[in-house]
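Each value in this text was obtained by applying a stated rule to the coordinates, not by laboratory testing. Computed from a predicted structure; not experimentally measured. Glycine also receives a Cβ, built like all others from the backbone with ideal geometry; neighbour counts cover every protein chain displayed.
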Amino acid sequence: MKITSEQELADLVAAARGPVAVQGGGTRGVGMTGQVADLSGLSGVTLYEPGALTLVVRAGTALAEVEALLAREGQRLAFEPADWRGLLGTGGEPTIGGVVAANIAGPRRVQAGAARDALLGVRFVDGTGAVIRNGGRVMKNVTGYDLVKLMAGSWGTLGILTEVALKVLPIPEAEATLTLAGLDRGRAVAAMAAALGSPFELSGAARLPSGAVVLRLEGFVGSVAYRCGRLTELLCPYGAAEVCEAAASAALWRDVRDVAPFHGQAGDVWRFSTVPSEAPELAVRLGGQVMMDWGGGLVWALLPEGTDARALAAPYRGHATLIRAGAESRARLPRFEPEPPALAALQASLRARFDPRHILNPGLMG
């Protein structure tokens with residue numbers, strides 16, 4: 001059912017006698033079963049105050065529409081949301097609600113955080129059909145939970161987002177990327193750690209499957225030029241750095257953001273959030289093609305279909321998510337990292353509070 005208003009969604013959930021599958025732009029291939037609540041009709045900007053760096057928008061609004069609106073005012077979403085359609089082989093249009101529900105963040109997370117960190121307020125429909133609002137311009141927090149943070153990354157299992165309020169940021173004057181070629185994984189992580197630990201304010205640090213380390217700087221023209229020079233000096237022990245700027249730099253980071261090196265290649269795609277210092281050894285255990293982002297805190301791996309990457313990588317700190325796989329892998333391997341007993345109990349408690357009938361995207365997160 002295509003939803004066009006918050007009340008329509010609340011009525012659908014309240015009357016539901018079985019599972020409700022939440023769908024935004026249909027880009028992520030989650031594959032839930034049940035009555036479909038299609039939120040793509042729940043769109044439009046409720047409030048935009050460029051001077052206050054504040055945007056309030058309905059959850060079904062296309063991400064491209066949000067980004068175009070902000071760009072006209074010289075602003076952007078700080079957390080650089082990824083477009084995984086090329087990686088997943090899907091169509092549709094990413095929506096802002098889907099981005100927040102999955103707590104998506106691109107390479108700029110090392111500087112600006114994830115979607116959760118830019119979220120000021122939410123409105124959502126819980127599993128009973130009640131409309132709840134929290135944060136933003138209207139504060140109603142009678143539950144004792146920080147619902148703004150809780151809803152980001154819940155994948156629609158605690159409530160269905162209908163509206164989000166976000167902090168936005170100005171687009172910087174300039175950007176430049178330093179590239180260090182041919183570093184093995186250990187030296188790559190060491191170089192990224194040195195750069196991120198410096199006072200030169202990086203907004204991206206990644207290692208491509210080719211072995212190239214790329215480091216991004218953004219800001220005023222003079223500042224970027226100065227920091228580029230100083231960072232090049234700092235990284236001399238790791239080799240000579242090449243610099244690209246403007247459109248070439250932006251295109252490079254779109255590829256990192258969208259995991260473009262794995263587009264069109266056969267196999268399963270796994271995503272590990274881990275401790276940067278452990279990333280090199282984790283990559284060795286995984287084998288296959290590996291890309292690192294967030295200074296090594298995010299490891300992408302392309303592996304043969306059916307590979308249990310969690311077993312292959314063990315032991316590791318962090319969590320692994322199966323992002324792309326065939327039907328056989330999906331049937332055998334859970335998408336999300338199984339929770340330890342204490343966290344599983346907490347998750348069950350939250351689910352009982354917000355979705356007592358267990359009808360919102362059941363089975364997606366346990």
Note to self: Give me 236, 244, 228 sorted ascending by neighbouring Cβ count inside 10 Å, so fewest comes first.
What the structure shows: 236, 244, 228
Notebook entry, point to check: What's the percent breakdown of Cα-Cα distances in the range 6-170 across 10 Å bins, shortest bin first?
Noted result: 11, 42, 36, 11, 1
Checklist line | 210, 43 arranged by Cβ crowding within 10 Å, fewest neighbours leading | finding: 210, 43
Next item on the list: Count neighbours as other Cβ atoms within 10 Å of each site's Cβ, and list the chymotrypsin sites (Phe, Trp or Tyr not before Pro) in the range 165-258 that are DSSP loop with at most 16 such neighbours.
Entry: 220
Margin query: Can you compute the modelled spin-label distance between residue 198 and residue 117, with each label point 7 Å from Cα toward Cβ, in nm?
Written below: 2.0
Checklist line | Radius 14 Å from Cβ of residue 344, net charge of other residues (Lys, Arg +1; Asp, Glu -1) | finding: -1
Check: What residue among 326, 91, 267 shows peak mean-square fluctuation when the chain is described by a Gaussian network model with Cα springs under 10 Å?
Finding: 326
Check: Using Cα pairs under 8 angstrom and six or more residues apart, how large is the relative contact order of the range 174-257, in percent?
Finding: 43
Next item on the list: Order the peptides 114-124, 281-291 from the highest to the lowest mean number of other Cβ atoms within 10 Å of their residues.
Entry: 114-124, 281-291
Item checked: Extended-chain gain in nm, criterion 0.36 nm per residue less alpha-carbon gap, residue 131 and residue 167 -> 10.7 nm
Check: Contour minus end-to-end for residue 305 and residue 225, with contour as 0.36 nm per residue of separation and end-to-end as the Cα-Cα distance?
Finding: 24.4 nm
Next item on the list: Provide the net charge surrounding residue 201, with neighbours chosen by a C-beta distance below 15 Å and charges set as Lys +1, Arg +1, Asp -1, Glu -1.
Entry: +2
Checklist line | Extension gain (nm, one decimal) between residue 277 and residue 2, 0.36 nm per residue minus Cα-Cα | finding: 94.4 nm
Next item on the list: With label points built 7 Å along Cα→Cβ from the Cα atoms of residue 284 and residue 345, find their separation and express it in nm.
Entry: 3.8
Margin query: Quick check: from the Cα gyration tensor, does the range 157-246 come out rounded (a/c under 1.5), prolate or oblate?
Written below: oblate
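Give me the net charge of residue 13's neighbourhood, meaning all other residues with Cβ under 13 Å from the Cβ of residue 13; Lys, Arg count +1, Asp, Glu -1.
-3
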Notebook entry, point to check: Arranged by the count of other C-beta atoms within 10 angstrom, fewest first, what order do 208, 169 take?
Noted result: 169, 208
Checklist line | Residue of 301, 313, 165 that the Gaussian network model of the chain assigns the largest fluctuation, springs spanning Cα pairs under 10 Å | finding: 313
